[in-house]
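The structure under discussion appears below in the form of structure tokens.
The values are calculated or read from the model by the stated rules, or taken from the named source; none is laboratory data. None of the values given here were measured: they were computed from a predicted structure. Here the Cβ positions follow ideal geometry from the backbone for every residue, glycine too, while neighbour counts run over all protein chains shown. For accessibility, only protein heavy atoms count, side chains too; no ligands or nucleic acids. Shrake-Rupley method; radii C 1.70, N 1.55, O 1.52, S 1.80 Å.
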Amino acid sequence: PDIPVIDQAYSKLSDSITVEWRAVPGATNYMLTAEDGDSFIETIVKNSPGTVTGLKPATLYRITVRSINSGGKSQPSPFRKVKTVLAAPILSVHSPSCDSIAVSWKSVHMAAGFSVSLMRSDGLGRMLKQNTTNTSLIFTNLDPGTLYTIKAYAWNANGMPGDDFTYNQRTSPNAPVDVKVTFSSGALRAVVSWMPTEGALTYSVTVFSGLLKLRCNTSSASCVVPSLQCGSEYYVSVTAHNDAGSSEPTDAVSLKTVPCAPVNISIEEDEPGHLLVSWSSVSLGHYYVVFVKSDDGLEVHCNTSYIQCHFQSDCGFTYFISVFAYNKAGQSPLGDVFNYTTAPCCPSDFRAVFMSSDTVRVTWAAVRGADLYETRAAGGSGVVLCRDTATACTMSALQCSTPYNITVYSFSEARGSNTSCAPQYVATAPCSPEIKNISKEGLSVIRVQWQPNNEEATYVVTARGEAGLWHCTSARNSCTLRDLPCGSAFSVSAIARSPAGQSLPSYSIPLETAPCCPNDLILAQVTQSVTNISWSVGRGAQTYVTTLESPKGQAKCHTLQAYCLLGCITCGTNYTVSLRAISETGLTSICTYQGYSSSACCPSGVKLYRLSNNGIRVFWRASDETINYNADLRGSKGNFSCTPSLGLSHCDITKIPCGDVYTVVVAPVADKGPKLTFCPKKIYSVTCSGSSVGMVISRGKSNVKHI
């Protein structure tokens, strides 16, 4: 493209030069070149104007422009000489006082002088401007706590201004005014307030007393200073602060705190019913108030400028006493609260109830001021003491059947005991008797003996068991229990009674009565030599011994069951029957019953003979001619029986069917009870052929015999 032509080139900033030229047809970019003889800087721009940056201040440059398109670069334009302006001075600014600002800077190369202007940043007021060849100056008579904008630049020998430098600076604030101090006596802290100061960002409150110094920082117009000490005088000042510095502190304001709580408090009961409260004087205390509150809620007070007060008091009361000191700042902090307890009154509504022969429970009504009660029982061989905070005391290990004087004393930790309380006479219950012997005087009669160890006492003996209770009473050393049931277990104990009460029961002695005899006993003959005996259960019996006895011998069995089989019984014999019921511990009851006669003996030699009239004669050998017998024949064609006259040993059965097999049993006839079934059975066959009459063919015991 064509070579561009520079219209003008100038420098407004110390590190750049701006160039203007006429546009070249077909050019897409332009290259600006600045040369100072030692170096050059090139910059590509799109169009005019263009600026070359990164230059050195107060330096002469040769400026050229070349046009660029896709075909390449043109030749440089004719150069122009342009000098960059001076660099801006770098300011250092501060506010040495609330109405002045000091400005300083380092010298600038090629600078002939400097121009510095100052104006409020909010635009109010007029601008102040100073020209100087120095590198510092001070603006005075400014507004405190106000933000100012400061601008400075250097000029060269031709008066050409260079770059400017702008800086915002606030003047330091004025000291706060109208400082007020409010003291909070309850919290021992002070609230310091003041009128806000223009331009102040924060405030600091300084409170000092001697070497002690407290500080409070805040951004508001008040501040709380905690942890002040009572009985002290402080001086308070306030200083305002902003980013420019601090104001002068305000004149110190005096602050006197409340007095400290009085110490060395003493409480004395100088005479009964009068309390004297005294204390030491405190710094800054103008007068004192003593509060005395009793434990029933009643409160009195005493206002005095002295260091002691008198109060009335009652016995058994606890008084809570506090002393406060006062001045114009208020009331002192709460000091120690003292309590004073007068000697407690004697307990009233005294009652003594015996829980046992050696234990008494004593109760009484509570009295004011009593922290502890002591119950003293004097009597017997010594003194029994009981101490408790409750209004009841159980005194154990007393001697039974003994008179005691019982006194209840009330104690307080502060005043001790009231020793004027009267005793009360109490006698303990009788001592427990000791059973010495239990003896049986009859089937259901028991005699109990004990060691009498009480005077004017009545003794009651009790036998206790599942069967019930049995009692006997005596003023001596024994009594008799009657009608005790058999087969029962008892626990026998004794107590003693007197007007003072009832003793503890004696140690229990176990007692067991002999087992009961069975009410029912049944004998049944099972075989000719075996008899079954059964009986009802006898209460208290574990085992039984049954005996059948006759001149011919004895049968006996010992069993746990309620029945027994006795062998070796002689038929047709009279026996005496006895039974012994034996308990688990070996107690025995001998029981007798009605005699027993065993059944008559079964006959032997039973035979059958055919008669001429289709009859059968049954023949046997009788064991006793005084016994009557009965013969039974049982077959498939019918059952037949016959009974002979007394003394005969045979009987006849007529018209018996032949051609049948018969079972034949001959047994004694019992007077009472069922028919005997245990006599031997024989089987015979009665045929219908043959003419022999009376012949019997026997084929053995187990075979059929043919007639």
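May I ask you to verify whether A390 is in contact with a strand residue (DSSP E or B) (Cβ under 8 Å, 6 or more places away or on another chain), without any contact (Cβ under 8 Å) to a residue 24 or more places away in the chain and surrounded by fewer than 18 Cβ atoms within 10 Å (Cβ to Cβ)? Criteria met by A390. Applying a threshold of 6 Å to beta carbon distances and a minimum spacing of six or more residues, or different chains, the list of pairs starting in the range 24-53 at a residue that is open to solvent by 50 Å² or more (accessible area, probe 1.4 Å) and ending at one that is basic (K, R) reads E35/R62.
Of all residues in the range 54-112, those being of a type in the set (F, W, Y) and open to solvent by 70 Å² or more (accessible area, probe 1.4 Å) number 1. The listed residues are D652, D624, and the only one of them that is over 60 Å from the mean Cα position of the chain (by Cα), on the phi < 0 side of the Ramachandran plot and in a strand (DSSP E or B) turns out to be D652.
Quick one: in the range 439-471, of everything that is basic (K, R) and in contact with a Ser or Thr (Cβ under 7 Å, 6 or more places away or on another chain), which residue is most open to solvent (accessible area, probe 1.4 Å)? Before you say what the answer is, go through the steps one by one.
Of the residues in the range 439-471, the ones basic (K, R) are 440, 447, 464.
Subsequent filtering for residues that are in contact with a Ser or Thr (Cβ under 7 Å, 6 or more places away or on another chain) retains 447, 464.
Details: R447: 73, R464: 143 Å².
Per the stated criteria, the residue is R464.
With the requirement that a residue be aliphatic (A, V, I, L, M), surrounded by fewer than 13 Cβ atoms within 10 Å (Cβ to Cβ) and modelled with pLDDT under 80, what does the range 412-430 give you?
Answer for the range 412-430, where residues must be aliphatic (A, V, I, L, M), surrounded by fewer than 13 Cβ atoms within 10 Å (Cβ to Cβ) and modelled with pLDDT under 80: there is none.
Residues that are in a strand (DSSP E or B), farther than 28 Å from L147 by Cα and polar (S, T, N, Q) within the range 208-241 comprise just one, S209. Applying the set (1) more than 19 Å from K436 (Cα to Cα); (2) open to solvent by 60 Å² or more (accessible area, probe 1.4 Å) to Y544 leaves exactly one unmet item: (2).
Return the only residue of S641, S599, S649 being among the polar types (S, T, N, Q) and in contact with a Phe, Trp or Tyr (Cβ under 7 Å, 6 or more places away or on another chain). Please lay out each step first, then the result.
Details: S641 fails: in contact with a Phe, Trp or Tyr (Cβ under 7 Å, 6 or more places away or on another chain); S599 fails: in contact with a Phe, Trp or Tyr (Cβ under 7 Å, 6 or more places away or on another chain).
Just one listed residue meets the conditions, S649.
The strands (runs of 3 or more DSSP E) falling completely within the range 326-380 that include 3 or more residues that are farther than 15 Å from V408 by Cα map to 338-341, 348-356.
Each row is one residue, and each column tells you yes or no for (1) farther than 22 Å from L55 by Cα; (2) out of contact with any Ser or Thr (no Cβ under 7 Å at 6 or more places or on another chain).
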{"site": "V82", "(1), (2)": "no, no"}
{"site": "P89", "(1), (2)": "no, yes"}
{"site": "P96", "(1), (2)": "yes, yes"}
{"site": "V103", "(1), (2)": "yes, no"}
{"site": "V108", "(1), (2)": "no, yes"}
{"site": "L118", "(1), (2)": "yes, yes"}
{"site": "S121", "(1), (2)": "yes, no"}
{"site": "L124", "(1), (2)": "yes, yes"}
{"site": "K129", "(1), (2)": "yes, no"}
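Residues in the range 563-596 that are under 13 Å from Y544 (Cα atoms), open to solvent by less than 50 Å² (accessible area, probe 1.4 Å) and not hydrophobic (A, V, I, L, M, F, W, C): S578, S583, G586, S589. The sole residue among K328, K293 that is more than 30 Å from Q399 (Cβ to Cβ), over 47 Å from the mean Cα position of the chain (by Cα) and basic (K, R) is K328. Report, by residue number, each residue of the range 182-210 that is hydrophobic (A, V, I, L, M, F, W, C), open to solvent by 40 Å² or more (accessible area, probe 1.4 Å) and closer than 11 Å to C223 by Cα. The answer is V191, and nothing else.
Tell me, please, whether a residue that is out of contact with any Gly (no Cβ under 7 Å at 6 or more places or on another chain), open to solvent by less than 40 Å² (accessible area, probe 1.4 Å), more than 30 Å from C98 (Cα to Cα) and of a type in the set (G, A, S) can be found in the range 215-233.
Our first condition is that a residue be out of contact with any Gly (no Cβ under 7 Å at 6 or more places or on another chain); within the range 215-233, this holds for 215-233.
Now narrow it down to the ones that are open to solvent by less than 40 Å² (accessible area, probe 1.4 Å): 216, 218, 221, 223, 225, 228, 230-232.
Then drop every residue that is not more than 30 Å from C98 (Cα to Cα), which leaves 228, 230-232.
So of that shortlist, the ones also of a type in the set (G, A, S) come out as 231-232.
Within the range 215-233, one or more residues are out of contact with any Gly (no Cβ under 7 Å at 6 or more places or on another chain), open to solvent by less than 40 Å² (accessible area, probe 1.4 Å), more than 30 Å from C98 (Cα to Cα) and of a type in the set (G, A, S).
Residue-wise test of (1) touching a Ser or Thr at 6+ places or on another chain (Cβ under 8 Å); (2) open to solvent by 30 Å² or more (accessible area, probe 1.4 Å); (3) modelled with pLDDT of 90 or more; (4) assigned to a loop (DSSP other than H, G, I, E, B).
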position: A600; (1), (2), (3), (4): yes, no, no, yes
position: N614; (1), (2), (3), (4): yes, yes, no, yes
position: N639; (1), (2), (3), (4): no, yes, yes, no
position: L646; (1), (2), (3), (4): yes, yes, no, yes
position: A670; (1), (2), (3), (4): yes, yes, no, yes
position: F678; (1), (2), (3), (4): yes, yes, no, yes
position: M695; (1), (2), (3), (4): no, yes, no, yes
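Being among the small types (G, A, S) and closer than 23 Å to T677 by Cβ is the filter here; which residues of the range 631-662 pass it?
Initial filter on the range 631-662 (among the small types (G, A, S)): 631, 635-636, 638, 641, 645, 647, 649, 659.
Residues satisfying the conditions are A631, G635, S636, G638, S641, S649.
Residues that are of a type in the set (S, T, Y) and closer than 27 Å to M160 by Cβ within the range 1-29 comprise Y10, S11, S14, S16, T18, listed in sequence order.
When residues in the range 182-223 are screened for being within 14 Å of T239 (Cα to Cα), free of Cβ contacts under 8 Å to residues at least 24 places away in the same chain and of a type in the set (V, I, T), 1 of them pass. Considering only residues in the range 680-693 that are assigned to a loop (DSSP other than H, G, I, E, B) and not hydroxyl-bearing (S, T, Y), the one that is modelled with the highest pLDDT turns out to be P680.
Looking for something part of a strand (DSSP E or B), modelled with pLDDT of 90 or more and small (G, A, S) - is there at least one such residue anywhere in the range 197-207?
Filtering the range 197-207 down to residues part of a strand (DSSP E or B) leaves 202-207.
Now drop any that are not modelled with pLDDT of 90 or more, which leaves 202-207.
Restricting the remaining residues to those that are small (G, A, S) gives 204.
Yes, there is a match, as at least one residue in the range 197-207 is part of a strand (DSSP E or B), modelled with pLDDT of 90 or more and small (G, A, S).
Scanning the range 242-255 for residues that are surrounded by fewer than 19 Cβ atoms within 10 Å (Cβ to Cβ), touching a Ser or Thr at 6+ places or on another chain (Cβ under 8 Å) and in a strand (DSSP E or B) returns G245, S246, V253. Against the numbered list (1) in a strand (DSSP E or B); (2) out of contact with any Pro (no Cβ under 8 Å at 6 or more places or on another chain), C431 comes up short only at (1).
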